[in-house]
Amino acid sequence: MAVKHWIGLGVGVVAVLSAGALGYHDHQTAATTSQLQEAQAGAVLFQQMCETCHGPGGNGAGNAPVLNDGSVTTTYPTTTALATFIQTHMPASDPGILTSQQATELALYIRQLNHLVPQQP
Ligand code: HEC
């Protein structure tokens, strides 16, 4: 799984470089790059707002479910489903404070913890 994503990322980078040389823009590859940036923003938000309960990296050190063992991404199998849950229910201490953009960033980060989007090099 992880290896497949890495290959995909490599191909994507080559596609961007050749698309640039040819003078057109590859939207699908751009989306992948932006997902990585969003996941990175999600990691910062997670440290600030989620770690106290879910533990660093979602390892469940706190008083809430583990978020990195594949179960949460089975319950909420798409980024949209996970982001919707997060936006309406989390943080449990203050639900509803996240924008949909922040919820998406957090969902992509949690998917990354579960090896579902490419890791940063
Ligand atoms: C005050 C403690 C607390 C904070 C802060 C908190 N959570 Fe939670 N979270 C919980 C508890 C307790 C549950 C389990 C009950 C539930 O699902 O509502 C949970 C459940 C979840 C689930 C579903 C897990 C599953 O397997 O069904 C996700 C996803 C999640 N939290 C994400 C987040 C994110 C992202 C943040 C930060 C914005 C966050 N949580 C902040 C306590 C917290």
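Where a number appears in this text, it was derived from the coordinates with a stated rule and is not lab data. Quick caveat: nothing in here was measured; it's all calculated off a predicted structure. Ideal geometry is used to build each Cβ from the backbone, glycine not excepted, and the neighbour counts take in all protein chains shown.
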How much length, in nm to one decimal, is gained on full extension between Thr88 and Ser100, taken as 0.36 nm per residue of separation minus their Cα-Cα distance? 3.4 nm
Counting Lys and Arg as +1 and Asp and Glu as -1, what is the net charge of the other residues whose Cβ lies under 14 Å from the Cβ of Ala103? -2
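Determine, for each peptide in 68-78, 99-109, the mean count of other beta carbons within 10 angstrom over its residues, then list the peptides with the highest first.
99-109, 68-78
Tell me, what is the Rg over Rh of segment 33-113, with Rh the Kirkwood radius over Cα pairs?
Result for segment 33-113 is an Rg/Rh of 0.92.
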